[in-house]
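The values are calculated or read from the model by the stated rules, or taken from the named source; none is laboratory data. What you see is a predicted model; the values in this text were computed from it and never measured. With ideal geometry, Cβ positions are generated from the backbone for all residues, glycine too; neighbour counts draw on all protein chains shown.
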């Protein structure tokens, strides 16, 4: 149970810091400042959680990561289910906290929807969005599987490597899909946004669930092949 609580807290932190930063600064395509700040917020969230709950749950805080670890043989079905549920609950709590903070503080949400993902950057194309999310998740999960492999020699720098990789993935992906690579991170804001009156993100939510699942599965099978 402690592992699940840790995953819930970790995912909540990721959403609060990552999506919260996106809501506050927006994503300014002209200067790129919003891109960098949001990318760093997500990446640094991973670094912080890796060194605080990594020794408890492994700090997946992402159903796609948990799926990749499971397919590699690093966890059982029961833990996979428990992790995914805990991560989604954490994302919902984080999104609810952001909604409350921004409303009570009368702060403008520069993203217009709790940092939800969307397809505007790819012209509304679900296929393009699916491809972006699949590729970016593949890169991210492949990095995690490599860093956490018994053969890896990164030592205590593993969390930093993973956080920097997530930052890099966001720098490219924010302008395309808002960058999910994490179904829980997309589900939480989309549901809370819908509850508060904005149901638009729900229409494309499936892209940000299916894409990361495909990317994580491909990464797991690819890594298993390369590691043999």
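Summary of computed values
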{"quantity": "Number of positions in the range 196-216 that are within 18 Å of residue 38 (Cβ to Cβ) and more than 13 Å from the chain's Cα centre (by Cα)", "calculated": "1"}
{"quantity": "Out of 193, 219, sole residue that is crowded, with 19+ Cβ neighbours inside 10 Å, over 20 Å from residue 112 (Cα atoms) and either without any contact (Cβ under 8 Å) to a residue 24 or more places away in the chain or over 14 Å from the mean Cα position of the chain (by Cα) (or both)", "calculated": "219"}
{"quantity": "Single condition residue 52 does not satisfy, out of (1) part of a helix (DSSP H, G or I); (2) over 14 Å from residue 9 (Cα atoms)", "calculated": "(2)"}
{"quantity": "The listed residue being within 16 Å of residue 183 (Cα to Cα), surrounded by 19 or more Cβ atoms within 10 Å (Cβ to Cβ) and over 14 Å from the mean Cα position of the chain (by Cα), out of 15, 84, 69", "calculated": "69"}
{"quantity": "Members of the range 61-78 that are out of contact with any helix residue (DSSP H, G or I) (no Cβ under 7 Å at 6 or more places or on another chain) and outside any loop (DSSP other than H, G, I, E, B)", "calculated": "69, 77, 78"}
{"quantity": "Residue within the range 97-104 that is buried (at least 20 other Cβ atoms within 10 Å of the Cβ) and closer than 11 Å to residue 189 by Cα present", "calculated": "yes"}
{"quantity": "Residue count for the range 22-49, restricted to those that are assigned to a helix (DSSP H, G or I) and touching a residue at least 24 places away in the same chain (Cβ under 8 Å)", "calculated": "19"}
{"quantity": "Matching residues in the range 109-138 - criterion: being surrounded by fewer than 19 Cβ atoms within 10 Å (Cβ to Cβ), at pLDDT 95 or above and assigned to a helix (DSSP H, G or I)", "calculated": "126, 127, 128, 131, 135"}
